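Written below as structure tokens is the structure these notes are about.
The values are calculated or read from the model by the stated rules, or taken from the named source; none is laboratory data. Just so it is clear, the model here is predicted, and its values are computed rather than measured. Please note: Cβ atoms are built from the backbone with ideal geometry, for glycine as well, and neighbour counts cover all protein chains shown.
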């Protein structure tokens, strides 16, 4: 099969492409490397700043169009799969539809469908935008009010979403949350594929001895801390470490080079990742594959949905319950003698549900069914 991935997020499409090649398929990734992450891609399509950057980007895109023809499947990284306005994206979409086989959407980020599900007050108990019936800290932030307030819910975004959904052959959700949002609209044209993790490339470093102190690791992205709840996770961690200085320590990676980030994470026992998610994200899964315990989203309905009833190693924290984060961290400290076995279960979970080879096979079977 010949597959073209357009756009990427957190190296997801590149990881899938690598797994597909290992299975004997052709796969090409065109992306900007997820911007600051600079993830690998076969063809770079990055947009610079200002008018000059926009003009160069348009020229680069036009030059690349002939290379976006003749694929069995084109997989798009979300409804806004390139950094263009919806009317221009629809023109690109029509070109892709005309010159390729199946067009499939990767549901992997915020768009009109997910935003609408977040705001309906019924699909989720909490989300990036609502905690119960109250606006989330992000929705109350100046950044949101100035740059993104209700942008996803505007009529022009709905029109774009309706166009994309009416013309794609299907969609693959990388998270349970996105599956819930898209299921009423796409029905059998939708699958939950999961996040692909290259477990073969990640060395398992299990805890072999019970540590004197539990090292809790958290990475802070300044522009994403409030969105994902890392600010609240960090505050709770600092309170726990102050309360138990001889039993816990915090390792904080804020705006450090990626190599340093990975080193700091590998030398820790527990990773704190997300607060407003029902499911673990890429960061948590990568850490789990290396033997860390993840504090993240892992609601019971997520485990039930993926058919996991025995091995549930992720420590689920809820934004709905005051003090829940601190309580869960203190529980981990009290169970530190279980860390070696906990690490084994974390790795086994990722291998079973998220290894790149397994996720790639789900995509192949889905594409062939369309």
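Residue-wise test of (1) touching a strand residue (DSSP E or B) at 6+ places or on another chain (Cβ under 7 Å); (2) in a loop (DSSP other than H, G, I, E, B); (3) surrounded by fewer than 14 Cβ atoms within 10 Å (Cβ to Cβ).
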site: 27; (1), (2), (3): yes, no, no
site: 30; (1), (2), (3): yes, no, no
site: 48; (1), (2), (3): no, yes, yes
site: 52; (1), (2), (3): no, no, yes
site: 57; (1), (2), (3): no, no, no
site: 61; (1), (2), (3): no, no, no
site: 65; (1), (2), (3): no, no, yes
site: 76; (1), (2), (3): yes, no, no
Self-check item: Lone unmet requirement of (1) modelled with pLDDT of 95 or more; (2) touching a strand residue (DSSP E or B) at 6+ places or on another chain (Cβ under 9 Å); (3) within 27 Å of residue 155 (Cα to Cα) for residue 101
Solution: (3)
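Conditions (1) touching a residue at least 60 places away in the same chain (Cβ under 8 Å); (2) in the same structural domain as residue 137 (by TED's automatic domain parsing); (3) assigned to a helix (DSSP H, G or I); (4) closer than 29 Å to residue 136 by Cβ, marked per residue:
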| site | (1), (2), (3), (4) |
| --- | --- |
| 207 | yes, no, no, no |
| 262 | no, no, yes, no |
| 268 | no, no, no, yes |
| 274 | no, no, no, yes |
| 279 | yes, no, no, yes |
| 286 | yes, no, yes, yes |
Practice problem: Run residue 133 past the list (1) over 22 Å from the mean Cα position of the chain (by Cα); (2) modelled with pLDDT of 95 or more and report the number of the one that doesn't hold. | Solution: (2)
Quiz prompt | Single condition residue 142 does not satisfy, out of (1) crowded, with 19+ Cβ neighbours inside 10 Å; (2) over 23 Å from the mean Cα position of the chain (by Cα) | solution = (1)
Quiz item: So is residue 11 at pLDDT below 95 and crowded, with 21+ Cβ neighbours inside 10 Å or not?
Solution: yes
Quiz item: Identify, please: which residue in segment 309-331 is assigned to a loop (DSSP other than H, G, I, E, B) and within 20 Å of the chain's Cα centre (by Cα) and is, among those, surrounded by the fewest Cβ atoms within 10 Å (Cβ to Cβ)?
Solution: 312
Quiz item: Which residue pairs have Cβ atoms closer than 9 Å, lie 6 or more positions apart in sequence or on different chains, and pair a first residue in segment 1-25 that is outside the structural domain of residue 35 (by TED's automatic domain parsing) and without any contact (Cβ under 8 Å) to a residue 40 or more places away in the chain with a second residue that is surrounded by fewer than 24 Cβ atoms within 10 Å (Cβ to Cβ) and outside any helix (DSSP H, G or I)?
Solution: none
Exercise. Within segment 270-290, track down each residue that is closer than 14 Å to residue 204 by Cα and surrounded by fewer than 23 Cβ atoms within 10 Å (Cβ to Cβ).
Key: 290
Exercise. Look through 81, 5 and report the one residue that is within 22 Å of residue 163 (Cβ to Cβ), in a loop (DSSP other than H, G, I, E, B) and modelled with pLDDT of 95 or more.
Key: 81
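Results for (1) out of contact with any helix residue (DSSP H, G or I) (no Cβ under 7 Å at 6 or more places or on another chain); (2) surrounded by 15 or more Cβ atoms within 10 Å (Cβ to Cβ); (3) in the same structural domain as residue 279 (by TED's automatic domain parsing), shown as yes or no for each residue.
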site: 168; (1), (2), (3): yes, yes, no
site: 192; (1), (2), (3): no, yes, no
site: 216; (1), (2), (3): no, yes, yes
site: 229; (1), (2), (3): yes, yes, yes
site: 234; (1), (2), (3): yes, yes, yes
site: 243; (1), (2), (3): yes, no, yes
